[in-house]
Amino acid sequence: MSTVISATDIVKEYGNLRAVDCVTLTVEEGALFGLLGPNGSGKTTMIKILTGQITPTAGSAAVLGIDPVADPVLVRRNIGIIPEQETPPSFLSAMEYLAFVGAVRNIPDCEEKADWWFDFLDFADKKDVLCKDLSRGTRQKLMFAQAFIHEPALALIDEPLINFDPIMQDLIKEYLVDYVKNGRTIFLSTHILEVAEEICSEFAILHKGKLLHCGPVAELTKTGGDLSSFFLSLVRKGYHA
Ligand SMILES: Nc1ncnc2c1ncn2[C@@H]1O[C@H](COP(=O)(O)OP(=O)(O)O)[C@@H](O)[C@H]1O
Ligand SMILES: [Mg+2]
């Protein structure tokens, strides 16, 4: 098994605020890794650093062996990303957006693959609709499709389930669990603990930028614990720290 993500002593400061405070973690190939934490704990900041969208104040990282500070474009070429709060371009239709992604990523048979995604996420009727006229949930389906259409070895997905109804959430969860079976890796951030407990193999807990815990989900459930109480007890302790 090889290491897909390694982050060492990552710090990100905004003025006096330490959004990420000396975080060290590794993610192995084949993991469905959940980064958990309350709102504002630094999850999105961490994902932005690992995907070369922002530069850390200190520390270093390697993502698929690439340094995201030195070579952010190369990192992004090799991964899939669902950013937290972005929507596809308003002036393109759903199909045009996936064709655009296909051209940028040089994806063979992109139209066929796009059609598979339209069917799989049940929005084929929207493929010629301009993104500005799509519902939030449909835009999220499109963001999901663009992150996985090239079947990356690693996808970093930030709160990917947030705009989906329970049926779609189930479909996506099943897809993610299946996705990592062939040695591909997912790094997922969420504040929904049930999601992590249900599908993640490993998890880390961030609180106020600090890493409070990192380890396999099975280790926790083996001892009869559940992730929600574990999370709450750690985070509550953190509040008083
Ligand atoms: N560009 C920015 N400028 C200033 N503060 C920021 C910026 N981005 C994030 N923060 C702050 O950093 C902290 C962590 O934010 P974020 O990583 O978005 O948390 P999470 O994704 O866990 O909700 C928050 O306090 C947030 O307000
Ligand atoms: Mg976030």
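The values are calculated or read from the model by the stated rules, or taken from the named source; none is laboratory data. Keep in mind it's a predicted model, so treat the numbers as computed, not measured. Don't worry about glycine lacking a Cβ; one is built from the backbone with ideal geometry, like all the others, and counts go over all protein chains shown.
Among residues of the range 168-197 that are of a type in the set (Lys, Arg), those with a Cβ under 9 angstrom from a residue that is at pLDDT 95 or above and outside any helix (DSSP H, G or I), sequence gap 6+ or separate chain, pair up as Lys181/Gly30; Arg184/Glu29; Arg184/Gly30; Arg184/Glu151; Arg184/Pro152; Arg184/Ala153; Arg184/Leu154; Arg184/Ala155. Filtering the range 181-200 to residues that are surrounded by fewer than 19 Cβ atoms within 10 Å (Cβ to Cβ), of a type outside the set (Lys, Arg) and under 20 Å from Leu64 (Cβ atoms) leaves Asn182, Gly183. Among the residues of the range 201-241, the one identified as of a type in the set (Phe, Trp, Tyr) and exposed (fewer than 12 other Cβ atoms within 10 Å of the Cβ) is Tyr239.
Here Ile186 passes the criteria (1) within 16 Å of ligand 1 (Cβ to nearest atom); (2) over 24 Å from Pro89 (Cβ atoms); (3) not acidic (Asp, Glu); (4) not in a helix (DSSP H, G or I) except the one numbered (1). In a residue-by-residue description of the range 77-90, the property of being under 16 Å from the mean Cα position of the chain (by Cα) and assigned to a helix (DSSP H, G or I) applies to at least one position. Quick one: is Leu98 of a type outside the set (D, E, K, R), more than 17 Å from Glu84 (Cα to Cα) and surrounded by 20 or more Cβ atoms within 10 Å (Cβ to Cβ)? Judged against the criteria, Leu98 is a match.
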